[in-house]
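Down below is the structure, laid out as structure tokens.
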Amino acid sequence: MADKEFNILDPFSSVDLGLAESADGVKQWAISNRGIIQPIKNFFNDLIVGIDNGLNAVPPLIMLVLLVLIAWQAAGRRVAILVAISMTVLGFLSPNAWGLAMTTLAIVISAVILCFIIGLPLGILAGKNDRFETAIRPVLDTMQTIPAFVYLVPVVMLIGIGNVSGVIVTIIFALPPLIRLTSLGIRGVNASVVEAARAFGANPRQILFKVELPLATPTILAGVNQTIMLSLSMVVIASMISVKGLGNEVLRAMGRLDAGKALVGGLGIVILAIVLDRITQGMGQSGRERGHRHWWQTGPVGAVMRVFNKT
Amino acid sequence: MGSSMEEPVIDCRNLWKIFGKHADEAMKAVQAQGLGKLEVRDQFNCVVGVQDATFTVNRGEIFCIMGLSGSGKSTLIRHVNRLIEPTSGQLFIEGQDVNTLSARYLRELRAEKIGMVFQNMALMPHRTVLDNVSFSQEVRGHDVRERRENALRAIDAVDLNGWDQKYPDELSGGMQQRVGLARAIAADPAILLMDEPFSALDPLIRRQLQDKFMSLSAEMKKTTLFITHDLDEAIRIGDRIAIMKDGALVQVGTPEDIVTNPVDEYVADFVAGISKLELISAGKIMEPVEAFERHSGPFDASDWPEAHPDHSLDDLVNLSISTQHPVVVKADGKAIGIVTKNALLRGIQGDVEDASTLKH
């Protein structure tokens, strides 16, 4: 390319800055720095495998009951019934569907936990600081729009294939809405309430934890919900770098043109998405909308409390 | 009330606040060349919020700042607890310059010495009434039982017993503002800052809350800076009133001063619609006995109604309604002046000069 003669009407094809080659240098760096990356990788791998083993160790029926109870507590009776039906259907999709779903759930949970740990502080900072918000916005846009295959390769080169890379690519894609919505939530807090807190002697930390975060919670939970949904949408792509679970089923079915297997994997992902979405949406709604004040006044905990209070 | 004690609790000296990017340059130009508000706006693209405000509030006094919206009164009151930093000037609270306090002592001052009530209540929607009221003590890290006791006492003082476990959105507007008042007094601060506390309420509720506030205030004797855009309210509540216009205090005085001696057209316009019945005293409109005798000759006041110089026009009307005679004003048993019917009528109009020199 570069040996082409310079043409003023087409200046681009004759100049080669070598960007692609220098970006490739990441590979060399990764190979020579294995020692640093390996312990970090092991830590995250242990986290993911731990959650996966935990979820798969619970007998499916007990897990089902637990999920229904969580749904009842977080989102009310209707959602609990929906979750019960959906998860039963999921279990009957194929003999190994439940186990695959739990593996996928483990990946999603790990990714969401890490997103929350990274995203909440960044979101708070973006909500408080206009300059940081302006600086981070193009980064978030890039993370959301750049095709996953672009960063799939460098991530695999750095860390190798497996769960950890899967979680990292999932985080890259799923993190932005949490940061955006946390920032939005912090900015949306009524300024006069914050002023009142200042007027009564609260320090910045107290204002954050006693006023801003509680009032921004519904918006932040909407961000968590979005993050979960995007994480699920990444499971098929993540399975290309050897992440197990429902996504892997879809990928293998694609390779063998096995429509039945693809349907099982696809439906499993959809059901998981519906269940997680309804539960987290329920958490985002204020108790007032559902006619009570505190979470412990309703759901299974509320029922138990009432029994205890009677005796 | 407490103005006899003459101990300034809030002492504001030549306070200026200019908003804008070039506020400091604008301030220098104002000091050097005496620029006006419009010149500052045009030359520096800055807005003058407060112009050279100087006033003191004595211990136990209720000092009202009255002005229309945009006159800078809410900006001025926020300098007292330094929610806003002044561009120039000083503000002392009990002799301590607020603007030299470190962040830590400033927070201590805000939490323990100053209570503030806001026009839009600014209650925390996620906290119960009790938790709202005890907020300032909570951030100071006071003992749970102690702050609960203080909060319940404050809630009781504003007649909201039994509502302490409710949330603000379960309360009516008037009740919410009572919570605001309870929050301000819970830590028993020396100073109350009231930023148009009753403006957002309907007239009947406003009246009730004014009465509640005045009875509380008489009991607690807190030094109060009270902002309002309602002159009636300022006159009802204030021991002294400052009229604010375009960021400057144009007149400071007792309600009677302001109503009877407005310094300029602007104040006079405000005062025009105010009922003078409760504000003007017999002493202001009476004609001295000698002057009366000069034009009407000696008189026999034995069956004339008698009044004290401090009696209001309202009292004088009641006295003279059942008789044809003028009212004789007596101090220490001695007649010092006469209020004729004509003088009384002029007085009701607020025309004090004319009332005491009426030709008969």
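Only the coordinates and a few stated rules stand behind these numbers; no lab work does. Here the structure is a predicted model, which means the values were calculated and not measured. Cβ coordinates were reconstructed from backbone atoms using ideal geometry, including for glycine residues, and neighbour counts include every protein chain displayed.
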Amide hydrogen neighbours beyond the local backbone of B:MET116, cut-off 5 Å, H modeled: B:LEU193
Taking the Cβ-Cβ separation of B:HIS22 and B:THR323 as r and a Förster radius of 60 Å, what is the calculated FRET efficiency to the nearest 0.05? 0.30
For chain A, longest principal axis from Cα atoms; helix A:299-310 axis from its Cα atoms; angle between them, nearest 10 degrees, is 30 degrees
Nitroxide proxy distance, nm - points 7 Å out along Cα→Cβ at B:ASP232 and B:ASN342: 3.3 nm
The range A:89-106 and the range A:148-224 have their Cα centres apart by a whole-number Å value of 30 Å
Once you place label points 7 Å from the Cα toward the Cβ at A:ILE62 and B:ASP314, how far apart are they in nm? 7.9 nm
Restricting the count to DSSP beta bridges whose residues both fall in the protein assembly as shown, what percent are antiparallel, rounded to a multiple of 5? 55 percent
Can you list the residues, at least 5 places off or on another chain, whose amide H is less than 5 Å from the amide H of B:THR223, using H built in the peptide plane? B:GLY60, B:LEU192
Using a ≥ b ≥ c from the Cα gyration tensor of the range B:199-349 (square roots of the eigenvalues), is it rounded, prolate or oblate, where a/c under 1.5 gives rounded and otherwise the larger of a/b and b/c decides, a/b for prolate? prolate
Hz values of 3J(HN,Hα) by residue in the range B:107-115 - Karplus curve (6.51, -1.76, 1.60), Gly and Pro given as x: 5, 4, 4, 5, 7, 10, 10, 10, x
Using the Cα centre as the reference, give the magnitude of the dipole from point charges on the C-beta atoms of the range B:112-217 (Lys, Arg: +1; Asp, Glu: -1; all else neutral), rounded to the nearest 20 debye. 60 debye
Gyration tensor verdict on chain B (Cα atoms; rounded if a/c is under 1.5, prolate if a/b is larger than b/c, oblate otherwise): oblate
What helix-only [θ] at 222 nm does the protein assembly as shown give? Using -39500 (n - 2.57) per DSSP H run of at least 4, over all residues, to the nearest 500, the answer is -18000 deg cm²/dmol
Any chance you could give the angle, 0 to 90 degrees and rounded to 10, that helix A:213-233 forms with the longest Cα principal axis of chain A? 50 degrees
For the range A:72-87, take each phi angle, set θ = phi - 60°, evaluate the Karplus expression 6.51 cos²θ - 1.76 cosθ + 1.60, and give the result in whole Hz per residue in order, putting x for glycine and proline. 4, 5, 7, 9, x, 5, 4, 5, 4, 5, 4, 5, 4, 5, 4, 5
Working from Cα positions, state the angle (0 to 90°, nearest 10) between the long axis of helix B:23-33 and the longest principal axis of chain B. 40 degrees
List the lysines whose Cα lies under 20 Å from the Cα of B:LYS330, skipping any in the same chain that are fewer than 8 positions away. B:LYS284, B:LYS341
If you restrict to DSSP beta bridges whose two residues both lie in the range B:282-356, what percentage is antiparallel, to the nearest 5? 80 percent
Kindly state, to the nearest 0.05, the FRET efficiency for B:VAL250 paired with B:ASP143, given R0 = 35 Å and r defined as their beta-carbon distance. 0.15
In this structure, the FRET efficiency calculated for B:SER102 and A:MET305 from their beta-carbon separation, with R0 = 56 Å, to the nearest 0.05, is 0.75
Once amide H atoms are placed 1.01 Å from N in the peptide plane, what residues at a sequence separation of 5 or more from B:LEU35, or on another chain, have their amide H within under 5 Å of its amide H? B:VAL30
Using θ = phi - 60° and the Karplus relation 6.51 cos²θ - 1.76 cosθ + 1.60, list the HN-Hα couplings for the range A:167-177 in order, rounded to whole Hz, with x at every Gly or Pro. 5, 5, 5, 5, 4, 4, 7, 9, 5, x, x
Which whole number gives the average count of other chain Cβ atoms within 10 Å of the Cβ atoms across peptide A:203-215? 2
How much of the DSSP bridge set in chain B is antiparallel, in percent, rounded to the nearest 5? 55 percent
